[in-house]
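One structure is given below, encoded as structure tokens.
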């Protein structure tokens, strides 16, 4: 199931980017490295906290969820099942909605761009699109997995 391997790698990258931002927010990292100059502005804004939790921690939790579902979907028990891909699509759709809202805030309210936030937005969007394409082509994906046999 190549799509689940791809989503696992993308989720792992997103996890590390979100972890970096969260550790910076906690004061456990040095200066925030940013080529746009807007990362600190975004990270220190009132919008960097959602329901009392830093947005970066939401990213860590979200990407961890996507990673776990992707890796579980690679196990023999789940490899031919559609369920993990449906769950990836649902979780990443929530993520796309969330990062869409945050990206809107960066553009329209904060007037600053965080490159790391944009990377996370791109990653979750790619995971979502990959899941959608896989769901649309599920019979072919399943047949390919059956031809390969157990991993």
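The values are calculated or read from the model by the stated rules, or taken from the named source; none is laboratory data. Since the model is a prediction, treat every value here as computed from it, not as a measurement. Ideal geometry is used to build each Cβ from the backbone, glycine not excepted, and the neighbour counts take in all protein chains shown.
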Hey, residue 10 hits all of (1) over 23 Å from residue 86 (Cβ atoms); (2) in contact with a helix residue (DSSP H, G or I) (Cβ under 8 Å, 6 or more places away or on another chain) but one; which does it fall short on? (1)
Of the residues in segment 57-78, those that are free of Cβ contacts under 8 Å to residues at least 12 places away in the same chain, part of a helix (DSSP H, G or I) and either in contact with a helix residue (DSSP H, G or I) (Cβ under 8 Å, 6 or more places away or on another chain) or over 18 Å from residue 122 (Cα atoms) (or both) come to 68
Taking segment 1-56 as the region of interest, how many residues are part of a helix (DSSP H, G or I) and touching a strand residue (DSSP E or B) at 6+ places or on another chain (Cβ under 9 Å)? 6
Filter result (surrounded by 19 or more Cβ atoms within 10 Å (Cβ to Cβ) and at pLDDT 95 or above) within segment 1-38: 7, 8, 10, 11, 14, 15, 17, 18, 21, 22, 24
Residue satisfying all of: in segment 105-145; at pLDDT 95 or above and not in a helix (DSSP H, G or I); farthest from residue 36 (Cα to Cα) among these: 111
Taking first residues from segment 12-29 that are in contact (Cβ under 8 Å) with a residue 60 or more places away in the chain and at negative phi and second residues anywhere that are surrounded by fewer than 17 Cβ atoms within 10 Å (Cβ to Cβ) and not in a loop (DSSP other than H, G, I, E, B), the pairs with Cβ under 7 Å that are 6 or more apart or on different chains are 17/119
Only one of 114, 120 is under 9 Å from the mean Cα position of the chain (by Cα), in contact (Cβ under 8 Å) with a residue 40 or more places away in the chain and crowded, with 17+ Cβ neighbours inside 10 Å. Can you tell me which? 120
Would segment 58-80 turn up any residue that is at pLDDT 95 or above, over 26 Å from residue 2 (Cα atoms) and surrounded by 17 or more Cβ atoms within 10 Å (Cβ to Cβ)? yes
